[in-house]
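Structure first, then comments.
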Amino acid sequence: MRSYSFLRLFNFLYFALIALFVSFLPVYLDAQGLSTSKIGLIIGTGGFIAIFSQPLWGMISDKTKTIKKVMLVLIVCSTLLGYCLYASSSWAMLLVFTMLLYFFLMPLDPLTESLNFQTAEAAGISYGSIRTFGAFGYALMSLAVGFAAQYFGIGSLAYLFAGIGFLAILNVLCLPDAPVTGKPITLRALRSFLAKKETIWFMALIFIVAVPQRINDTFLGVYIRDLGGSPKLVGVAWFLAAGSEILVFALSFWWLRKGKELAIISFSAFFYFIRFFLSAWITEPHLLVAIQLLQVFTFPIFYSAAIQYLYRIVPEEWRATGQTVLAILFFGVSGIVASYIGGWVYDQVGGKQLYLGVSGMSLAGVLLSLALRAVFRKQVLVS
């Protein structure tokens, strides 16, 4: 079997675990009787852990000159911790195991995405042809978890996590090792990268568009349940959202054009605005689930274009640093803001006002991306 076939399988299994963790942890915490502000506190604090753990494990990979062994350590620890998390019910244990899972599971994302790009370039295939399997795994697991929680109880998530994690461990053992090619992450490299004006504005744009996405990731399941939906319906919502990504990633070779990334980001930010604005006014949970089909125009397009733009503006030897910074910003910093502020707003004024607020932030992302496109295109023409 070709090396990228094993990598495709790992994408499937890893993003299945991400579905279990990111999408259903808020639902599990809600089922344990925690308020939305406490849910936001737990997940937001986990974001702080991810800010430090992602570059830490990236540096360990650089130092040891291996990705496979680092991934093996991370997936073994994540499997054990995921089982413990979903077998716990006390506030203290939920907090501890969530923090530890953020420390071990989330750093796999930039390592996996980096490996996806390296493997795709070496094999002469598109990044989307590998990443598609991640979307497929996320979609199927979302549906499976929803049904499992509905018919076997919310505690069944512990066994699902352990089973998928065990398969991922076996898969990592079959992956070919790949030494890290970029420079180790250093403060000097990070300062040089962040000092560029284009980089600063690009990261600001990513933050503005990512916060609404991360708020939706955190509180969609809670919002569906508040509207009268079941855990099974939450699973269907995430199945539709993640399933809609599959075709987008698979066809990325066709629509993802170099030099057009900011225009593509403007397009996706506009549909974020539409998606969240409609979500604010919906009072029937099945309609809210149907709205998740707009994911096809939002996250996969936005994230693919963001990665390609980043790889275009960052010097080749700093790509590993840039990928990690993007992951920290999208999954760490924006996740912290989304969880802390989102949980507090949800508690104070409810889901409708929260979604109206994030729709306004998405609209600001549209305007900023259009402005940056005009400015940087003008600079290119002048130079």
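Give, in nm to one decimal, the length gained when the segment between Gln150 and Ile125 is fully stretched (0.36 nm per residue of separation minus the Cα-Cα distance). Each step should come with its number before you reach the end.
Working: separation 25, 0.36 × 25 = 9.00 nm, distance 3.98 nm.
The span from Gln150 to Ile125 would gain 5.0 nm if fully extended.
Run down the lysines and flag those whose C-alpha is under 17 Å from the C-alpha of Lys260, throwing out any fewer than 8 positions away in its chain.
Lys378
Students often get this wrong, so check it: of Lys197/Lys258; Lys38/Lys68; Lys196/Lys258; Lys69/Lys197, which have C-alpha atoms separated by over 27 Å? Please report the intermediate quantities before stating the final value.
Details: Lys197/Lys258 20 Å; Lys38/Lys68 36 Å; Lys196/Lys258 20 Å; Lys69/Lys197 37 Å.
From the list (Lys197/Lys258; Lys38/Lys68; Lys196/Lys258; Lys69/Lys197), the Cα-Cα distance tops 27 Å for Lys38/Lys68; Lys69/Lys197.
Hey, any idea what the orientation-averaged projected area of the convex hull of the chain's Cα atoms comes to, in nm²?
On the way: hull surface 68.4 nm².
Value for the chain: 17.1 nm².
To the nearest 10 square angstrom, what accessible area does Tyr340 show with a 1.4 Å probe?
Only protein atoms counted, so the area is about 80 Å².
What is the spread of the Cα atoms of the range 29-129 along each of their three principal axes, largest first, in whole Å?
Each principal axis gives a Cα extent; for the range 29-129 these are 50, 28, 22 Å.
So for the range 31-147, averaging the separation of alpha carbon pairs under 8 Å that are six or more residues apart and normalising by length, what relative contact order in percent results? It would help to have the intermediate numbers written out before the result.
Numbers: 67 pairs, mean separation 34.8, N = 117.
Relative contact order here is 30 percent.
Springs between alpha-carbon atoms under 10 Å, Gaussian network over the chain: tell me which of Ser156, Ser23, Ser334 tops the mean-square fluctuations.
Ser156
Express in Å², to the nearest 10, the accessible area of Ser339 obtained by rolling a 1.4 Å probe over the protein heavy atoms while all chains stay in place.
Using a 1.4 Å probe on the heavy atoms, I get roughly 0 Å².
The values are calculated or read from the model by the stated rules, or taken from the named source; none is laboratory data. Keep in mind the model is a prediction, meaning the values are calculated, not measured. Accessible surface is based on the protein model in full, side chains and every heavy atom, while ligands, DNA and RNA are left aside. Shrake-Rupley method; radii C 1.70, N 1.55, O 1.52, S 1.80 Å.
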